[in-house]
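**Student:** One structure, pasted below without further comment.
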Amino acid sequence: WQKEFLLSREINLNIIEWTIDHYRIYENPIMTVEGQEKIKELSLKYDIKIPSLTADCVMQFPFWKFRGEERQNLQKDLIFLLHACVKIGVKIIVIPLVDNGKVENNEQEVVLCDYFLQNKDLINNLGLKIAFESDLSPIDLQIFIKKFDKKFFGLNYDIGNSASFGYDPNVEFDSYGDYILNVHIKDRLLNGETIELGKGNANFPMIFKLLNKIKYNGNYILQIARDNNNDHIGIINKSIERIFKWMK
């Protein structure tokens, strides 16, 4: 992982979004003092910031689907992670409510909402914001996110996931555009897999116009398909060229 800082600098990327899994979670560099110091050292050396983190660990073991001591332990893991994020300058925590983390009933939603609302002051005091990522329809997602204070909570907009579900970007932005805190750039086929940018169902020119319309000034995180020939640097550079073209 240390090499990613050098590689990112070589292709003029200036931010990295960290991702953390539940497996061996406390061995992840962000969760150890030694790891945090190394991350800060590399960030300074290569002038690369880590403004956001995707908590895949929460998606893999969503506390709202557990009970008793198991739920409490998972919630403690998340609190530990929040404190760890502050140590390396992370400001936005993406909580994926998709795949295994999908909220499946009202009871789970109540557990989820109550937990984050009860920890609103902690999130604020740590200088963090929570960005939920969800596959709910635009109207249902609007109803969900309006339960939270916009000062501390918002949404991560994943372009590819929305394209995969066939959601209309105009309806999405009308429903919750003012809650978008972070954007994942990805392309997917309708009801299908992640694919090279521009070859899926995402309407990038329209989406960038809509982001401009709401005066979005947050980060853009590449979550593009891996290159079949392992030329990941090449596919990143190619993707960036396309993105700038669409933005213009």
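**Student:** I'd like the residue in the stretch 66-93 that is among the basic types (K, R) and surrounded by 13 or more Cβ atoms within 10 Å (Cβ to Cβ) and, out of all such residues, is nearest to the chain's Cα centre (by Cα).
**Tutor:** Step one: list which residues in the stretch 66-93 are among the basic types (K, R), which gives 67, 71, 76, 87, 91.
Keeping just the survivors that are surrounded by 13 or more Cβ atoms within 10 Å (Cβ to Cβ) gives 71, 87, 91.
Working: R71: 23, K87: 19, K91: 12 Å.
If we take residues in the stretch 66-93 being among the basic types (K, R) and surrounded by 13 or more Cβ atoms within 10 Å (Cβ to Cβ), then K91 is nearest to the chain's Cα centre (by Cα).
**Student:** If you don't mind, another one. Quick check, is S134 in contact with a Gly (Cβ under 7 Å, 6 or more places away or on another chain), surrounded by 20 or more Cβ atoms within 10 Å (Cβ to Cβ) and among the polar types (S, T, N, Q)? First the steps, then the outcome.
**Tutor:** Working: in contact with a Gly (Cβ under 7 Å, 6 or more places away or on another chain): no; surrounded by 20 or more Cβ atoms within 10 Å (Cβ to Cβ): yes; among the polar types (S, T, N, Q): yes.
Answer is no for this residue.
**Student:** Now, a different point. Of everything in the stretch 212-236, what is open to solvent by 60 Å² or more (accessible area, probe 1.4 Å), under 18 Å from L13 (Cβ atoms) and in a helix (DSSP H, G or I)? Give them in sequence order.
**Tutor:** Of everything in the stretch 212-236, those that are open to solvent by 60 Å² or more (accessible area, probe 1.4 Å), under 18 Å from L13 (Cβ atoms) and in a helix (DSSP H, G or I) turn out to be H232, I233.
**Student:** In this structure, does L190 turn out to be open to solvent by less than 40 Å² (accessible area, probe 1.4 Å) and farther than 27 Å from I48 by Cβ? Walk me through it before giving the result.
**Tutor:** Details: open to solvent by less than 40 Å² (accessible area, probe 1.4 Å): no; farther than 27 Å from I48 by Cβ: yes.
No.
**Student:** Still on this structure, please answer the following. Limited to the stretch 8-40, what total is found for residues that are open to solvent by less than 80 Å² (accessible area, probe 1.4 Å) and assigned to a helix (DSSP H, G or I)?
**Tutor:** Filtering the stretch 8-40 down to residues open to solvent by less than 80 Å² (accessible area, probe 1.4 Å) leaves 8-9, 11, 13, 15-22, 25, 28-32, 35-36, 38-39.
Applying the additional criterion that residues be assigned to a helix (DSSP H, G or I) yields 8-9, 25, 29-31, 35-36, 38-39.
Here the count works out to 10.
**Student:** How many residues are touching a Leu at 6+ places or on another chain (Cβ under 9 Å) and either loosely packed, with under 15 Cβ neighbours inside 10 Å or assigned to a helix (DSSP H, G or I) (or both) when one looks only at the stretch 94-123?
**Tutor:** Of the residues in that region, 4 qualify.
**Student:** Right, something else. Could you identify the single residue in L197, L181, L189 that is touching a Ser or Thr at 6+ places or on another chain (Cβ under 6 Å) and of a type outside the set (F, W, Y)? I'd like the intermediate steps shown before the answer.
**Tutor:** Working: L181 fails: touching a Ser or Thr at 6+ places or on another chain (Cβ under 6 Å); L189 fails: touching a Ser or Thr at 6+ places or on another chain (Cβ under 6 Å).
Step by step, each of L197, L181, L189 is checked, and only L197 is touching a Ser or Thr at 6+ places or on another chain (Cβ under 6 Å) and of a type outside the set (F, W, Y).
**Student:** Now a separate question. Looking only at the stretch 137-153, filter to residues that are over 24 Å from L190 (Cβ atoms) and of a type in the set (V, I, T); which one of those is least open to solvent (accessible area, probe 1.4 Å)? Talk me through it step by step, then tell me what you get.
**Tutor:** Keep residues of the stretch 137-153 that are over 24 Å from L190 (Cβ atoms), which gives 143, 145-153.
If we keep only those that are of a type in the set (V, I, T) as well, we get 143, 145.
On the way: I143: 98, I145: 1 Å².
Among residues in the stretch 137-153 that are over 24 Å from L190 (Cβ atoms) and of a type in the set (V, I, T), the one least open to solvent (accessible area, probe 1.4 Å) is I145.
**Student:** Related question: Do you know which residues across the stretch 173-187 are over 17 Å from P96 (Cβ atoms) and surrounded by 17 or more Cβ atoms within 10 Å (Cβ to Cβ)?
**Tutor:** So the first thing to find is which residues in the stretch 173-187 are over 17 Å from P96 (Cβ atoms), and the list is 173-175, 177-178, 187.
F173, S175, G177, D187 - these are the residues of the stretch 173-187 that are over 17 Å from P96 (Cβ atoms) and surrounded by 17 or more Cβ atoms within 10 Å (Cβ to Cβ).
**Student:** Just to be sure before I move on: is D158 open to solvent by 20 Å² or more (accessible area, probe 1.4 Å), closer than 28 Å to C113 by Cβ and not polar (S, T, N, Q) in the structure I sent? Spell out how you get there, then give the answer.
**Tutor:** Working: open to solvent by 20 Å² or more (accessible area, probe 1.4 Å): no; closer than 28 Å to C113 by Cβ: yes; not polar (S, T, N, Q): yes.
Spelling it out, it is not the case that D158 is open to solvent by 20 Å² or more (accessible area, probe 1.4 Å), closer than 28 Å to C113 by Cβ and not polar (S, T, N, Q).
**Student:** Between I25, I16, which is in contact with a helix residue (DSSP H, G or I) (Cβ under 9 Å, 6 or more places away or on another chain), of a type in the set (A, V, I, L, M) and under 30 Å from E241 (Cα atoms)?
**Tutor:** Numbers: I25 fails: under 30 Å from E241 (Cα atoms).
Sole residue among the options that is in contact with a helix residue (DSSP H, G or I) (Cβ under 9 Å, 6 or more places away or on another chain), of a type in the set (A, V, I, L, M) and under 30 Å from E241 (Cα atoms): I16.
**Student:** Something else now. Being touching a helix residue (DSSP H, G or I) at 6+ places or on another chain (Cβ under 8 Å) and either without any contact (Cβ under 8 Å) to a residue 60 or more places away in the chain or open to solvent by 50 Å² or more (accessible area, probe 1.4 Å) (or both) is the requirement here; does F165 meet it? Can you show your working first?
**Tutor:** Working: touching a helix residue (DSSP H, G or I) at 6+ places or on another chain (Cβ under 8 Å): no; either without any contact (Cβ under 8 Å) to a residue 60 or more places away in the chain or open to solvent by 50 Å² or more (accessible area, probe 1.4 Å) (or both): yes.
Taking the combined requirement at face value, the residue does not satisfy it.
**Student:** Please find, within the stretch 200-211, the residue that is nearest to M247 (Cα to Cα) out of those that are touching a Ser or Thr at 6+ places or on another chain (Cβ under 9 Å) and either in a loop (DSSP other than H, G, I, E, B) or hydroxyl-bearing (S, T, Y) (or both).
**Tutor:** To start, the set of residues in the stretch 200-211 that are touching a Ser or Thr at 6+ places or on another chain (Cβ under 9 Å) comprises 200-202, 207.
With the extra rule that they be either in a loop (DSSP other than H, G, I, E, B) or hydroxyl-bearing (S, T, Y) (or both), the set shrinks to 200-202.
Numbers: G200: 17, N201: 17, A202: 14 Å.
Filtering the stretch 200-211 for residues that are touching a Ser or Thr at 6+ places or on another chain (Cβ under 9 Å) and either in a loop (DSSP other than H, G, I, E, B) or hydroxyl-bearing (S, T, Y) (or both), the one nearest to M247 (Cα to Cα) comes out as A202.
The values are calculated or read from the model by the stated rules, or taken from the named source; none is laboratory data. Because the structure is a prediction, the values reported are computed rather than measured. Here the Cβ is made from the backbone with ideal geometry for all residues, glycine too, and neighbour counts use every protein chain on show. These accessible areas exclude ligands, DNA and RNA; they are computed on the full protein's heavy atoms, side chains included. Shrake-Rupley method; radii C 1.70, N 1.55, O 1.52, S 1.80 Å.
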